[in-house]
1. Out of (1) assigned to a helix (DSSP H, G or I); (2) over 28 Å from Leu22 (Cβ atoms), the odd one out for Val79 is which?
2. Output the residue which, of all residues in the stretch 9-33 that are open to solvent by 80 Å² or more (accessible area, probe 1.4 Å) and of a type in the set (A, V, I, L, M), is nearest to Tyr70 (Cα to Cα).
3. Can you tell me which residues in the stretch 64-76 are assigned to a helix (DSSP H, G or I) and either more than 27 Å from Ile37 (Cα to Cα) or open to solvent by 50 Å² or more (accessible area, probe 1.4 Å) (or both)?
4. Considering every residue within the stretch 15-33, establish whether at least one is farther than 20 Å from Gly73 by Cβ and either assigned to a helix (DSSP H, G or I) or of a type outside the set (A, V, I, L, M, F, W, C) (or both).
5. Gly94 - would you say it is at pLDDT 85 or above and either over 16 Å from the mean Cα position of the chain (by Cα) or open to solvent by 80 Å² or more (accessible area, probe 1.4 Å) (or both)?
6. Within the set of pairs 6+ apart or on separate chains, which have a first residue in the stretch 76-89 that is touching a residue at least 12 places away in the same chain (Cβ under 8 Å), a second that is open to solvent by less than 100 Å² (accessible area, probe 1.4 Å) and assigned to a helix (DSSP H, G or I), and C-beta atoms under 6 Å apart?
Amino acid sequence: MSNFFIILSLVACLVGLAAHGLMSPEMTSECLVGLVILLAIGQAMGTGLAGTVLRVGIPVVSVIALALYYGGGSKQAAVGIAGQLCTLALMVFGLYIMVSGPFRR
C-alpha cells in the first residue's frame, strides 16, 4: 500500500513539473516509467544493499524535481534549494532521533 502513495507522489511531482513547462511530456513519462521500475526492483531486492540504494534513489529524484520546480528551471537555484531541503531533512531527522529515544525499549 505504501508503494501506491510513493507512486502517487511521483506522479504529482512530475506532472506538476510538466504542467509548468520545466519538463517535456516525453521526459516526464520516461522518468515515471524509470522510477516505477526502480521502485519494483528495490522492493524485489528486499533490504539488501542494492534494494536500499534503489529505494533511496526515489526520494533523491523527488528532491531534485522539487528543487527544479521552485528554482524555476535554473540549475544554480535548484542546487541551492536542494541543499536547503537536505539541511531541513537532517534537522527533522535529528529531532526524530531526540524525540523517539525515550520511547525505545
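1. Every listed condition holds for Val79 apart from (2).
2. Filtering the stretch 9-33 for residues that are open to solvent by 80 Å² or more (accessible area, probe 1.4 Å) and of a type in the set (A, V, I, L, M), the one nearest to Tyr70 (Cα to Cα) comes out as Ala19.
3. Ile64, Leu66, Leu68, Tyr69, Tyr70, Lys75, Gln76
4. Yes, that holds for at least one residue.
5. For Gly94, the condition - at pLDDT 85 or above and either over 16 Å from the mean Cα position of the chain (by Cα) or open to solvent by 80 Å² or more (accessible area, probe 1.4 Å) (or both) - is met.
6. Close Cβ pairs (under 6 Å, with a partner that is open to solvent by less than 100 Å² (accessible area, probe 1.4 Å) and assigned to a helix (DSSP H, G or I)) amount to Ala78/Ala67; Ala78/Leu68; Ile81/Ala67; Ala82/Val63; Ala82/Ala67; Leu85/Val63.
The values are calculated or read from the model by the stated rules, or taken from the named source; none is laboratory data. Just so we're clear, the structure is a prediction, and the values are computed from it rather than from any experiment. Glycine also receives a Cβ, built like all others from the backbone with ideal geometry; neighbour counts cover every protein chain displayed. With ligands, DNA and RNA removed, areas are computed over all heavy atoms of the protein, side chains included. Shrake-Rupley method; radii C 1.70, N 1.55, O 1.52, S 1.80 Å.
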